[in-house]
Amino acid sequence: MGTALVYHEDMTATRLLWDDPECEIERPERLTAALDRLRQRGLEQRCLRLSAREASKEELGLVHSPEYVSLVRKTQVLGEEELQALSGQFDAIYFHPSTFHCARLAAGAGLQLVDAVLTGAVQNGLALVRPPGHHSQRAAANGFCVFNNVAIAAAHAKQKHGLHRILIVDWDVHHGQGIQYLFEDDPSVLYFSWHRYEHGRFWPFLRESDADAVGRGQGLGFTVNLPWNQPGMSCQVGMGNADYVAAFLHLLLPLAFEFDPELVLVSAGFDSAIGDPEGQMQATPECFAHLTHLLQVLAGGRVCAMLEGGYHLESLAESVCMTVQALLGDPAPPLSGLMVPCQSALESIQSARAAQAPYWKSLQLQDVTPVPTSPSTHSPEGRPPPLLPGGPMCKAAAPAPAPSSLLDQLCLCPAPSVRTTVALTAPDITLVLPPDVIQQEGSALREETEAWARPHESLAREEALTALGKLLYLLDGMLDGQVNSGIAATPASAAAATLDVAIQRGLSHGAQRLLCVALGQLDRPPDLAHDGRTLWLNIGGKEAAALSMFHVATPLPVMTGGFLSCILGLVLPLAYGFQPDLVLVALGPGHGLQGPHAALLAAMLRGLAGGRVLALLEEDSTPQLAGILARVLRGEAPPSLGPSSVASPEDVQALMYLRGQLEPQWKMLQCRPHLVV
Ligand code: Q9C
Ligand code: ZN
């Protein structure tokens, strides 16, 4: 459906006319650097280019007072000294004769983007704007912000499009207190912001930026603040990829799924990226591809991002490219660095979860229930299973590369030109496939296929061999980088053996770390080596069991809420911690997943391994299931699940038990800090 890029060159006009070290970082080159890089990468050309229009007086009036709008209008005719004097009445603000025009274009760009998405002209988009907006208030400019672009867009989406639930994700490194004030009593706008806080010692130094500010009146629980405090000595300088992903998995996304937004607006500031002089954080640009990707599973993929801060031109340009790439549906480059959230981040996440727990069912069960000492479900031996010995991460596996110095490791891994291939035999499959999903004709050589099949009785039949040949051919295409993702089918009786061969073939043909998510009745292949190269995760086992840190089984959750907590609380933390370079998802006998659930799982797993995901289906799966999987694997948004039921007590128990077992090895599972005794 496409991605809009909204821009107008006039927005480069506003600039600082006098000396002010605090304001000089907000300069015109921010826009040109981002746009130039999008062009260089060929990303701008893939977007629907929209020229920004000015927001009208009425539109600005959706969130600002008429007096304030007139005040800003008057700056057009002021001289430099008057501009400087007026600027001094606000905190961290400069006015320029072009400010009014630029700020109206910035707000108008957001309105155009929302209109394009909500009328179905595009799926999503980015507005490249300045001045930024999230600090600006009903009658005040603040922190380089004149009109509150994102807040105006949200109010417009409610008023002109009749929306009832809008999620605003503010990943800028500063607290968007302007947005918070404008919607703090409004339950139709869920506002999430993480921000550098340092216990109140970081700008804008507000008490109401802390985690216990959760909204007022009808809006209680619809303001979510995640303050980043000074990391301790055990941590690096600022928050990094693992901290950001953990905040999404353990705080934002559970609430967001429960909220079930119709639209996601992003206050996309990139001063939260590495290199930024304001934020001093550590997250690399690829992290923004992941954050964007994770948001695209909400609201049927209707995501509108608008630029806020971001003052390191190189970091800003890369991060903008990563965001646009993700919006376009390209697979996200793997994240660099150890995926271990720092203690300070976990403390923040835990205190935000505790502050929000009274208002959100998805947080209640998990945080109220203490970690069980004796699980309700047992490993086959009836006692806690032995976990593999070893250090903080999977030492046996090739460790993820350590982060090298700052920006010198920025690289793009170009997506293969063929995104998704299906190796399916059903004659009516073409009817449900998008036109650019290739239907594979080829098969692996007969002799080779037979050699792989030989150890397995269930692969002796002709249908099983034919299916295996197609699967091996597809897998080779993925491992050689010709194809990004794919779907293969197998007769139900041969599912386990086919999966076994796929794992062996993947490992022997270049995969360093292979994640296998097996749904339904599929056992871990008995001869699979315990060398840490394969993480086996069975969803659909009889009981929750962690037989080693690389062999995890959990029952299939019965309710949508349980399914979501299983994905966000178990599957994705393990997957992000493991950093696979190949993912196999097998829907085996009795998997019981409905299309939308399977699509959500596949869509979220696509964030791993550079999108190299091979889905294995049973031959008698419906064409609809194959179709929906093909669409999410090529980058389309999964359908939204609708309001989610709560997790059943059994689902919660299984998750709690596995967390207790696995947290010491898989740090991404943690959503609270260690207790220091
Ligand atoms: N060193 C935006 O990012 N100065 N505004 C803070 C602390 C003001 C940031 C000084 C920063 C405003 C949109
Ligand atoms: Zn900022």
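Among the criteria (1) in contact with a helix residue (DSSP H, G or I) (Cβ under 6 Å, 6 or more places away or on another chain); (2) closer than 21 Å to Phe202 by Cβ; (3) away from ligand 1 (no atom under 16 Å from the Cβ), the one Ser319 does not fulfil is (3). All told, Pro254 falls short of being out of contact with any Ser or Thr (no Cβ under 6 Å at 6 or more places or on another chain) and either more than 16 Å from ligand 1 (Cβ to nearest atom) or of a type outside the set (Asp, Glu) (or both).
Taking the criterion of being over 28 Å from Gln282 (Cβ atoms), outside any loop (DSSP other than H, G, I, E, B), more than 14 Å from ligand 1 (Cβ to nearest atom) and not basic (Lys, Arg), would at least one residue in region 205-214 satisfy it? The answer is no; no qualifying residue exists. Restricting the search to helices (runs of 4 or more DSSP H) fully inside region 546-622 and requiring at least 1 residues that are closer than 18 Å to Arg513 by Cα gives 572-578, 595-605.
Scanning region 171-192 for residues that are in a loop (DSSP other than H, G, I, E, B) and buried (at least 24 other Cβ atoms within 10 Å of the Cβ) returns Trp171, Asp172, Val173, His174, His175, Gly176. Against the numbered list (1) in contact with a Pro (Cβ under 6 Å, 6 or more places away or on another chain); (2) in a helix (DSSP H, G or I), Leu641 comes up short only at (2).
The number of residues in region 85-101 being away from ligand 1 (no atom under 14 Å from the Cβ) and either within 15 Å of Val69 (Cα to Cα) or touching a residue at least 24 places away in the same chain (Cβ under 8 Å) (or both) comes to 8. Scanning region 185-195 for residues being within 16 Å of ligand 2 (Cβ to nearest atom) and touching a Pro at 6+ places or on another chain (Cβ under 8 Å) gives a total of 2. Just a yes or no: is a residue in region 200-222 of a type in the set (Asp, Glu), within 15 Å of ligand 2 (Cβ to nearest atom) and in contact (Cβ under 8 Å) with a residue 12 or more places away in the chain? So far as region 200-222 goes, no, none of its residues is of a type in the set (Asp, Glu), within 15 Å of ligand 2 (Cβ to nearest atom) and in contact (Cβ under 8 Å) with a residue 12 or more places away in the chain. The single residue among Pro580, Pro526, Pro557 that is more than 25 Å from Ser644 (Cα to Cα) and modelled with pLDDT under 95 turns out to be Pro526. The sole residue among Ala116, Ala121, Ala106 that is within 16 Å of ligand 2 (Cβ to nearest atom) and either assigned to a helix (DSSP H, G or I) or of a type in the set (Gly, Ala, Ser) (or both) is Ala106.
The values are calculated or read from the model by the stated rules, or taken from the named source; none is laboratory data. These numbers were taken from a predicted model, which means no experiment stands behind them. Virtual Cβ from ideal backbone geometry, glycine too; neighbours counted across all protein chains shown.
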